[in-house]
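Accompanying notes for the structure given below.
A short reminder: the numbers here are calculations on the coordinates, not readings from a lab. Small disclaimer: the values here were computed from a predicted structure and weren't measured. Counting neighbours? That spans all protein chains shown, and the Cβs are built from the backbone with ideal geometry, glycine included.
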Amino acid sequence: LLVVDGANVARFRQDGSFRPSALRACVEFFAREGVPEARVVVTLSETHWQTVVADAWGKSLDAREGVAWTPTGTDDDLFTIQLAASSGAWVVTNDRFENHPAWAAPVRGRLVRFAFAGASLFVPAADDLDRFRQAASVAAPRHRHAR
């Protein structure tokens, strides 16, 4: 299982704007890596429901139960940590969960940090991606080169 810290990924920009397209870029990146959609869950506050399901991709994600909607007013990090810890999942996030040291300890070695190049090119940290591939037995995709 791969858990995407939805708020962390969708609010990556410094202006803090919520971008569902960032979630899509992340989920689609891992799909190209060979991670089945059914093995990816996005944790996200239910306050973002209307924004996420406003387009076809978001509706599809919600319909396949690819989002763990967390209750309004709760700390969604705790849901992300608990889901990852209880399932042995990796977490896509730049959050170090320093405000939850005891809870986060079991997942600290299974974090995949990331950046975005431009508006929608998801770029995971190479070392984290390699560790994820090894642990998940996901081979790096082969790229075809033009001749």
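Not counting the cut sites, what is the longest span of the chain without GluC sites (Glu not before Pro) that DSSP labels loop and that have at most 12 other Cβ atoms within 10 Å?
Working: sites that count: 65, 98.
Counting at most 12 other Cβ atoms within 10 Å as exposed, the longest clean stretch of the chain is 1-64.
For the chain, modelled as a GNM with alpha-carbon contacts under 10 angstrom, which of 52, 41, 91 fluctuates the most?
Judging by the Gaussian network model, the answer is 52.
Subtract the Cα-Cα distance of residue 126 and residue 105 from 0.36 nm times their separation in residues, and report this length gain in nm to one decimal. Before the final figure, lay out the partial values.
Numbers: separation 21, 0.36 × 21 = 7.56 nm, distance 2.20 nm.
Between residue 126 and residue 105, full extension yields 5.4 nm more.
Restricting attention to segment 8-59, which trypsin sites (Lys or Arg not before Pro) occupy a DSSP loop and are surrounded by at most 11 other Cβ atoms within 10 Å? List each step's numbers first, then the result.
Values: sites: 11, 13, 24, 32, 39, 59; in loops: 11, 13.
Taking segment 8-59 and a limit of 11 other Cβ atoms within 10 Å, no loop trypsin sites (Lys or Arg not before Pro) are found.
Work out the charge dipole of the chain with +1 on the Cβ of Lys and Arg and -1 on the Cβ of Asp and Glu about the Cα centre, then indicate which of 49, 116, 3 is farthest towards its positive end.
Comparing the listed Cα positions along the dipole, 116 ranks first.
Give the calculated FRET efficiency between residue 98 and residue 63 to the nearest 0.05, with a Förster radius of 30 Å applied to their Cβ-Cβ distance.
Values: r = 35 Å, r/R0 = 1.16.
The computed FRET efficiency comes out at 0.30.
As a test of the formula, what do you get for the chain when each DSSP H run with n ≥ 4 contributes -39,500 (n - 2.57) and the sum is divided by the residue count, at 222 nm and rounded to the nearest 500 deg cm²/dmol?
Details: 7 runs with 57 residues, N = 147.
The per-residue figure over the chain is -10500 deg cm²/dmol.
Looking only at Cα atoms, what is the convex hull volume of the chain per residue, in Å³? Please list the in-between numbers first.
Details: hull volume 18.5 nm³, N = 147.
Cα-based convex hull of the chain, divided per residue, equals 126 Å³.
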